[in-house]
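The values are calculated or read from the model by the stated rules, or taken from the named source; none is laboratory data. All figures in this text were calculated on a predicted structure; none of them were measured in a lab. Positions of Cβ are backbone-derived with ideal geometry, glycine not excepted, and every protein chain shown enters the neighbour counts.
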């Protein structure tokens, strides 16, 4: 007897349909699972055997072989338990219909189904492969139902799944999981932060264009509070962006911390004791996404930036430029999105009081140099905005007046600037592709006039612009061009710094409603850049 069931394996965010083949032959009773599996799948033999018996079905007392095909694809995890059990039952003669159906889930010994990680990216891949129906545990139904044109059935147990598939007791399909702006705690309202006019302006610019930000100030000055207020300024994600973020969180098994249908951008704040694998991704088998991928489309907040080991900060250099991270392991390399906005907060020195008007700094010169050198020049060069956060006086913290400007009007300005730049940048990108496409019709890859691949910003915000598109989007006035030339010589800006200054100036102009980057916008961008250029 021979029977099959369909499941899925993951390589990063890419899913590979896996056919679970079961064969019963004459011979002594035995249960063998093959197909380049890990220990968790080998242990599925005992889970499946106990679950089938406790569900009231007869487990075949013959030679049983299960193969997970294709055999050359590495497989890991417990998501294959349900598919193995159904293939065995079909092989034993149970009339189960699995046409255009895939199954995912871990079996408990009492035959109930337990949730597994990575269901959302697996559901997306299975639907792309032509699967029309997916059976998952109850706890995974919400994320799987976010995939369009896929019928999701939430089964509480193995018997319920079997009776549904044989038609005797059908289960209702899970309702579609449309993305929505669910009410969440976005952290701190900007209006509750007293003073810090320049820091609030920097937050508005960072939110408007997705720019990296570093805040420097003594302990207790409000750096962490300001960073958490940034989350309240960010606009909602698009449904496609929300699906991408939820797929990463599903793979990491972190959807219990974030509703899968929410449109709010993620906010991650790892501690400085985090490992390299925890920050950028890694682990055994195929590498798992790290904090920079969980923060994609949102904010990665590194509090006490200078307390992070230098190798960890150096590992951020490529993701800050490429907006993605590729992690290689023995089983293969995987690439995860890492389009995050970096927000760092740091004390100016180890004791924290360098430059403070009220307290004296006791740090020695070598100690100060060692502390500040943890953030290298190349990392600082990738930070667009540097703003001081000084200590606030009592009169500023406890004034006899209403709160400062709340987050709502700032969020409206940010939303309008984002809408303006997204439309403009998308039009520029389409125009550049059309122009280069006419020029190189016989070439598969589009090229610019300089002979390089045109940038393909994933979110079309100003922080993603580069090369020809950046100059076309900025269209600086003659006065702004002269100012940039003079400032570049005086501040010794690198080529990367020139581009980042232009991106920030373009965002400032968008917040003001200007079509061109003028001298005022560029001057403000240079003021925020001064610290990183020294």
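One residue alone among 272, 256 is touching a residue at least 24 places away in the same chain (Cβ under 8 Å), surrounded by fewer than 16 Cβ atoms within 10 Å (Cβ to Cβ) and part of a loop (DSSP other than H, G, I, E, B), and that residue is 272. Being in the same structural domain as residue 388 (by TED's automatic domain parsing), within 30 Å of residue 221 (Cα to Cα) and assigned to a loop (DSSP other than H, G, I, E, B) is a property that does not hold for residue 278. Scanning segment 404-425 for residues that are loosely packed, with under 13 Cβ neighbours inside 10 Å and under 22 Å from the mean Cα position of the chain (by Cα) yields a single hit, 419.
Give 118, 130 a once-over and let me know the one that is under 14 Å from residue 7 (Cβ atoms) and assigned by TED's automatic domain parsing to the domain that holds residue 22.
Details: 130 fails: under 14 Å from residue 7 (Cβ atoms).
Answer to the selection: 118.
So for segment 5-12 (the condition being over 29 Å from residue 244 (Cβ atoms) and at pLDDT 95 or above), does at least one residue qualify? For segment 5-12, residues over 29 Å from residue 244 (Cβ atoms) and at pLDDT 95 or above: absent. If you filter segment 185-198 down to residues that are crowded, with 18+ Cβ neighbours inside 10 Å and over 19 Å from residue 298 (Cα atoms), you find that the one that is modelled with the highest pLDDT is 196. Quick one: would you say residue 470 is within 25 Å of the chain's Cα centre (by Cα) and either at pLDDT below 80 or surrounded by 14 or more Cβ atoms within 10 Å (Cβ to Cβ) (or both)? Answer is yes for this residue. The residue list 47, 90 contains one member that is modelled with pLDDT of 95 or more, within 16 Å of residue 5 (Cβ to Cβ), surrounded by fewer than 24 Cβ atoms within 10 Å (Cβ to Cβ) and outside the structural domain of residue 249 (by TED's automatic domain parsing), which is 47. Say whether the condition of being modelled with pLDDT of 85 or more, surrounded by 14 or more Cβ atoms within 10 Å (Cβ to Cβ), more than 30 Å from residue 352 (Cβ to Cβ) and in contact with a helix residue (DSSP H, G or I) (Cβ under 8 Å, 6 or more places away or on another chain) is met by at least one residue in segment 433-447. No, that holds for no residue. Close Cβ contacts (under 7 Å, 6 or more residues apart or on different chains) running from residues in segment 122-139 that are within 17 Å of residue 244 (Cβ to Cβ) to residues that are in a helix (DSSP H, G or I) comprise 123/144; 124/247.
Only one of these is in contact with a helix residue (DSSP H, G or I) (Cβ under 9 Å, 6 or more places away or on another chain) and surrounded by fewer than 21 Cβ atoms within 10 Å (Cβ to Cβ): 206, 247, 261. Name it. Steps first, answer last, please.
Values: 206 fails: surrounded by fewer than 21 Cβ atoms within 10 Å (Cβ to Cβ); 247 fails: surrounded by fewer than 21 Cβ atoms within 10 Å (Cβ to Cβ).
The unique qualifying residue is 261.
Check residue 157 against each of (1) in contact with a strand residue (DSSP E or B) (Cβ under 6 Å, 6 or more places away or on another chain); (2) not assigned by TED's automatic domain parsing to the domain that holds residue 10 and name the one condition it does not meet. Condition (2) is where residue 157 drops out.
Do we find a residue being in a loop (DSSP other than H, G, I, E, B) and out of contact with any strand residue (DSSP E or B) (no Cβ under 6 Å at 6 or more places or on another chain) anywhere in segment 7-16? Even if it seems obvious, please write down each step before you answer.
Going through segment 7-16, the residues in a loop (DSSP other than H, G, I, E, B) turn out to be 12-13.
Keeping just the survivors that are out of contact with any strand residue (DSSP E or B) (no Cβ under 6 Å at 6 or more places or on another chain) gives 13.
Yes - at least one qualifying residue is present in segment 7-16.
Scan (1) touching a helix residue (DSSP H, G or I) at 6+ places or on another chain (Cβ under 8 Å); (2) modelled with pLDDT under 80; (3) under 24 Å from residue 505 (Cα atoms) for the single condition residue 452 breaks and write down its number. Checking residue 452 against (1) touching a helix residue (DSSP H, G or I) at 6+ places or on another chain (Cβ under 8 Å); (2) modelled with pLDDT under 80; (3) under 24 Å from residue 505 (Cα atoms), the one that fails is (3).
Rundown of residues vs (1) free of Cβ contacts under 8 Å to residues at least 60 places away in the same chain; (2) more than 36 Å from the chain's Cα centre (by Cα), yes/no style:
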site: 6; (1), (2): no, no
site: 59; (1), (2): yes, yes
site: 63; (1), (2): yes, yes
site: 73; (1), (2): no, no
site: 76; (1), (2): no, no
site: 83; (1), (2): no, no
site: 95; (1), (2): no, yes
site: 99; (1), (2): yes, no
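Of all residues in segment 119-139, those being in contact with a strand residue (DSSP E or B) (Cβ under 9 Å, 6 or more places away or on another chain), crowded, with 24+ Cβ neighbours inside 10 Å and more than 16 Å from residue 161 (Cβ to Cβ) number 4.
Being under 15 Å from residue 55 (Cβ atoms) and assigned to a loop (DSSP other than H, G, I, E, B) is a condition met by at least one residue of segment 149-163.
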